[in-house]
Amino acid sequence: MNNNNSSKELSKLVNIVKTLRGPNGCQWDKIQTHQSLTPYLLEEAYEVTESINEENPQKLKEELGDLLLHIVFQAELGEEENNFTLADSIKNINEKLVRRHPHVFSNTKVDSIKDIKKNWEEIKLKEGRTSLMEGLPKTLPALLQAQRVQLRASEVGFDWEKIDGVWDKVLEELKELKEAIETKNHEKIRNELGDLLFSLVNLSRFLNVNTEEALRSTVKKFVNRFKSIEEELSSNGVEIKNSSLSKMDQLWNKIKTKEKI
């Protein structure tokens with residue numbers, strides 16, 4: 001699709017949303033607010049991510065459209081409230097992209113991606129932020145938030161030089177968690193568990209692994225194996241609640257062995 005077609009279809013989408021919000025529009029659409037649409041917006045963003053992980057371009061095409069609908073809808077609400085328009089949002093991101101890429105749109109020289117990232121963070125500070133840690137959504141999943149925080153610190157040199165130091169920190173935090181458990185102090189246990197998780201996220205960053213995706217993959221694997229246990233027991237006329245732990249462990253190990261074959 002060329003730029004003209006893209007502009008035409010975007011304009012059509014904007015007009016559809018305006019119609020849905022208009023006097024003769026949809027009753028459901030007319031009562032929506034920024035806040036009421038937020039859960040759906042997050043859901044669509046996750047569905048886009050899922051289609052990318054599945055490497056499904058047809059699904060990605062559809063999910064990007066669904067996400068775009070929510071962007072247009074939020075902008076329409078902003079316009080109705082006389083706060084901003086979709087054009088304002090687009091203009092804002094256009095200016096931001098040009099401003100934060102001086103090595104492309106200006107004469108700034110860079111020698112590496114590290115330089116590009118460093119410039120990016122320095123420019124953000126010049127835009128009015130007082131800390132590199134500003135601007136991270138508080139609603140980000142905790143694992144992703146931890147990884148982004150660590151990455152920002154790393155980009156200005158606040159990081160371990162080698163992975164050996166990260167491993168030592170993981171083992172240190174594991175030891176402190178065990179000691180906290182012995183105290184039976186719930187608050188201390190919670191704090192030390194958080195420290196351990198944070199250090200594991202750091203380890204994953206050094207290994208170039210996305211913790212959110214890694215954990216999601218493991219959850220999916222667990223769910224599939226558990227369903228297989230349920231199916232195996234059901235085929236023998238046994239409900240899982242009536243099965244013994246040893247039998248479930250036996251089936252679990254059998255399923256794991258099959259996966260490796």
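Looking at this structure, is R190 basic (K, R), buried (at least 16 other Cβ atoms within 10 Å of the Cβ) and either without any contact (Cβ under 8 Å) to a residue 60 or more places away in the chain or under 29 Å from E122 (Cα atoms) (or both)?
Spelling it out, it is not the case that R190 is basic (K, R), buried (at least 16 other Cβ atoms within 10 Å of the Cβ) and either without any contact (Cβ under 8 Å) to a residue 60 or more places away in the chain or under 29 Å from E122 (Cα atoms) (or both).
Can you name every residue in region 123-147 that is part of a helix (DSSP H, G or I) and surrounded by 14 or more Cβ atoms within 10 Å (Cβ to Cβ)?
I123, K124, L143, L144, Q145, A146, Q147
Quick check on region 93-121: of everything there that is within 18 Å of D159 (Cα to Cα) and surrounded by fewer than 13 Cβ atoms within 10 Å (Cβ to Cβ), which residue is modelled with the lowest pLDDT?
K114
Counting only residues that are in contact with a helix residue (DSSP H, G or I) (Cβ under 7 Å, 6 or more places away or on another chain) and at pLDDT 95 or above, which one in region 151-166 is surrounded by the most Cβ atoms within 10 Å (Cβ to Cβ)?
The residue in question is V166.
Return the residue satisfying two criteria in turn: it lies in region 30-40 and is free of Cβ contacts under 8 Å to residues at least 24 places away in the same chain, part of a helix (DSSP H, G or I) and not basic (K, R), and of such residues it is farthest from E79 (Cα to Cα).
P39
Would it be correct to say that L86 is touching a Ser or Thr at 6+ places or on another chain (Cβ under 8 Å), of a type outside the set (D, E) and either surrounded by fewer than 13 Cβ atoms within 10 Å (Cβ to Cβ) or touching a residue at least 40 places away in the same chain (Cβ under 8 Å) (or both)?
It is false that L86 is touching a Ser or Thr at 6+ places or on another chain (Cβ under 8 Å), of a type outside the set (D, E) and either surrounded by fewer than 13 Cβ atoms within 10 Å (Cβ to Cβ) or touching a residue at least 40 places away in the same chain (Cβ under 8 Å) (or both).
What pairs come up if the first residue lies in region 104-122 and is of a type in the set (F, W, Y), the second is surrounded by 13 or more Cβ atoms within 10 Å (Cβ to Cβ), and their beta carbons are under 7 Å apart, counting only those six or more places apart or on different chains?
W120/R100
Would you be able to tell me the number of residues in region 193-238 that are modelled with pLDDT under 95 and not in a helix (DSSP H, G or I)?
The number of residues fulfilling the criteria is 6.
Return yes when L177 is buried (at least 16 other Cβ atoms within 10 Å of the Cβ) and in a helix (DSSP H, G or I) and no when it is not.
yes
Which is out of contact with any helix residue (DSSP H, G or I) (no Cβ under 8 Å at 6 or more places or on another chain) and assigned to a helix (DSSP H, G or I), of N15, N83, N24?
Going through N15, N83, N24 in turn, just one is out of contact with any helix residue (DSSP H, G or I) (no Cβ under 8 Å at 6 or more places or on another chain) and assigned to a helix (DSSP H, G or I): N15.
Taking only region 239-261 into account, find how many residues are part of a loop (DSSP other than H, G, I, E, B) and either under 30 Å from I52 (Cβ atoms) or hydroxyl-bearing (S, T, Y) (or both).
3
Tell me, which residue of region 198-215 that is touching a residue at least 60 places away in the same chain (Cβ under 8 Å) and not hydroxyl-bearing (S, T, Y) is farthest from V170 (Cα to Cα)?
E213
The values are calculated or read from the model by the stated rules, or taken from the named source; none is laboratory data. Treat the numbers as computed from the prediction; the structure is a model and nothing was measured. Because the Cβ atoms are built from the backbone with ideal geometry, glycine has one as well, and the counts that use them run over all protein chains shown.
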